[in-house]
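Below: the structure, in structure tokens.
The values are calculated or read from the model by the stated rules, or taken from the named source; none is laboratory data. Here the structure is a predicted model, which means the values were calculated and not measured. With ideal geometry, Cβ positions are generated from the backbone for all residues, glycine too; neighbour counts draw on all protein chains shown.
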């Protein structure tokens, strides 16, 4: 096939528009730096905490509605045996944003943290708090890799250019504007990208539904025509897994730096809550176009299209169903518009992941552990270096798609099972200490790994009541992810109470308190806390002013 010149022109124009927006936003960021006189690196991370509500809604929504959201939603609806019944992510994402707005926004924004890991380091010290840097960053790295891989495949299908070239060029553009202006470049490009997403998908769906090869999707919702109905099915034995997945998507999507980066950049707690709730509504609404694309694929007689038989499902190409529908069911000029929408969706997720990982490294590793005396200029270069490094690694992983899915899968699991329970403890459990943190982390990790995972063909070392086997692989009837998360949370709380009582009563000698949780800390091991100016709420948050997190246990022991 020859290169689709029209599609290539649209991509060039789109990439040029995004890069131009990023350059303009970087200049705006520099003006804000000069006007506020604040830290350059902090302006790059949280935008001087003056992000408007409208911009916040756009960037928060664009972060969620990415390439994985659009492609994954259509894929689940199209896949036989799954369908609408298992299309849980749009519901889970919307509810997650609501839960975060109601319970997590206030303690994070009112204390004026810069990153999600700040409360850990303030409570447990710089070293123990940085323990969560790796799982958090791995999540961002594999998230970026997965969406870049999806974009490369999509462009190669519709524009018919080399997949490697598509991935590398997309990654370079994303890295470039993220480096230029930090959060403001990411946020303003998100506005352009979200407009492309909405317009592109809204235009494409009607053309796909009107194609003569597509039967009425209302009929195929409940009736088998070309394959199983797209309403899907939920077997009785799968109900616990369905509940497990839903809780995982609701709670496991909260402790992500990309989300809190937007929340911490707002002007007040109330504004942050409004942004989160508004983006929840829009995120849910934007699931409609990819759901309809999946339904169209179910309702298509592929023998009447240029794709032909066997069908995408029979070829194992469910994950490519969006570009396949655009290429073979929509007119060529409409498919070109669709590719712009998909490119926008992917880049809006990738830039968020890169800035998130770079912020965590700069704030919680480089300036806390590697170079505490680093100047603001040096911190800014550390941020840029981290973004470049993570972007380069994500690009390499995106070109090795066989390994990306497995790593991305586990990073999501670990976020829910390891980070979420400890995140709850550090924010809401006043008696939390380092011993509970370590035991909770190890407990959740142990039981998740030994529980197995049939999706990636990992055997189960522990078989819980009600398990069943399919093709020699163990499926746990127990809601495994949630079970491990609750075990981790319970272990953390129990060990915190136990160590407090044992050290306070003298049952355990003070010399055993190697974390210095209940004895006067040495100057070398004392937790590194931000300066008061970084943790005292401003006047516009006066009603939400709270003291910074401190270790009450250590103070009482002294």
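Taking the range 41-59 as the range and being on the phi < 0 side of the Ramachandran plot, modelled with pLDDT under 85 and surrounded by 20 or more Cβ atoms within 10 Å (Cβ to Cβ) as the test, the residues that pass are 41, 42, 43, 44, 46.
Highlighted here are the helices (runs of 4 or more DSSP H) found entirely within the range 251-321 that include at least 3 residues which are over 30 Å from residue 103 (Cα atoms): 288-298. Taking the stated definitions as given, is residue 369 farther than 30 Å from residue 199 by Cβ, more than 20 Å from the chain's Cα centre (by Cα), assigned to a helix (DSSP H, G or I) and at pLDDT 85 or above? So residue 369 fits the description; yes. Checked across the range 210-231, the condition of being in a helix (DSSP H, G or I), under 22 Å from the mean Cα position of the chain (by Cα) and surrounded by fewer than 24 Cβ atoms within 10 Å (Cβ to Cβ) holds for no residue. Here residue 293 fits the description: under 18 Å from residue 231 (Cβ atoms) and buried (at least 24 other Cβ atoms within 10 Å of the Cβ). With the structure loaded, tell me whether residue 309 is without any contact (Cβ under 8 Å) to a residue 60 or more places away in the chain and touching a helix residue (DSSP H, G or I) at 6+ places or on another chain (Cβ under 8 Å) or whether it fails that test. It is true that residue 309 is without any contact (Cβ under 8 Å) to a residue 60 or more places away in the chain and touching a helix residue (DSSP H, G or I) at 6+ places or on another chain (Cβ under 8 Å). Go through (1) crowded, with 18+ Cβ neighbours inside 10 Å; (2) more than 29 Å from the chain's Cα centre (by Cα); (3) without any contact (Cβ under 8 Å) to a residue 40 or more places away in the chain and name the single condition residue 500 misses. Exception for residue 500: condition (3). The set of residues in the range 85-96 being surrounded by 19 or more Cβ atoms within 10 Å (Cβ to Cβ) and over 14 Å from residue 285 (Cα atoms) consists of 96 alone.
Answer with yes or no whether residue 455 is surrounded by fewer than 15 Cβ atoms within 10 Å (Cβ to Cβ) and either over 27 Å from the mean Cα position of the chain (by Cα) or not in a loop (DSSP other than H, G, I, E, B) (or both). The answer is yes for residue 455. Being touching a helix residue (DSSP H, G or I) at 6+ places or on another chain (Cβ under 9 Å) and either surrounded by fewer than 17 Cβ atoms within 10 Å (Cβ to Cβ) or not in a strand (DSSP E or B) (or both) is the requirement here; does residue 474 meet it? So residue 474 does not fit the description; no. Could we say that residue 148 is under 30 Å from residue 4 (Cα atoms) and assigned to a helix (DSSP H, G or I) here? Yes. Among the candidates 113, 188, 184, 133, the residue that is under 20 Å from the mean Cα position of the chain (by Cα) and closer than 24 Å to residue 11 by Cβ is uniquely 188. Taken together, 10, 3 contain a single residue that is assigned to a helix (DSSP H, G or I) and either at negative phi or modelled with pLDDT under 85 (or both), which is 10. With (1) surrounded by 23 or more Cβ atoms within 10 Å (Cβ to Cβ); (2) at pLDDT below 90; (3) within 20 Å of residue 89 (Cβ to Cβ) as the list, and residue 198 as the residue in question, which single condition is left unmet? Single failed check for residue 198: (1). Counting the residues of the range 275-288 that are in contact with a helix residue (DSSP H, G or I) (Cβ under 6 Å, 6 or more places away or on another chain) and either buried (at least 23 other Cβ atoms within 10 Å of the Cβ) or farther than 17 Å from residue 208 by Cβ (or both) gives 9. The set of residues in the range 443-468 being within 30 Å of residue 125 (Cα to Cα) and touching a helix residue (DSSP H, G or I) at 6+ places or on another chain (Cβ under 8 Å) consists of 443, 444, 445, 447, 448. Does any residue of the range 154-164 turn out to be over 21 Å from the mean Cα position of the chain (by Cα), at pLDDT 85 or above and either buried (at least 23 other Cβ atoms within 10 Å of the Cβ) or assigned to a helix (DSSP H, G or I) (or both)? Yes.
Pairing residues of the range 325-351 that are on the phi > 0 side of the Ramachandran plot with residues that are surrounded by fewer than 24 Cβ atoms within 10 Å (Cβ to Cβ) and in a helix (DSSP H, G or I), at Cβ distances under 8 Å and at least 6 apart in sequence or on separate chains, gives no pairs at all. Residue 62 falls short on exactly one of the conditions (1) surrounded by 21 or more Cβ atoms within 10 Å (Cβ to Cβ); (2) within 15 Å of the chain's Cα centre (by Cα); (3) at pLDDT 90 or above, and that condition is (3). If the condition is being in contact with a strand residue (DSSP E or B) (Cβ under 6 Å, 6 or more places away or on another chain) and free of Cβ contacts under 8 Å to residues at least 12 places away in the same chain, then the range 428-473 contributes only 467.
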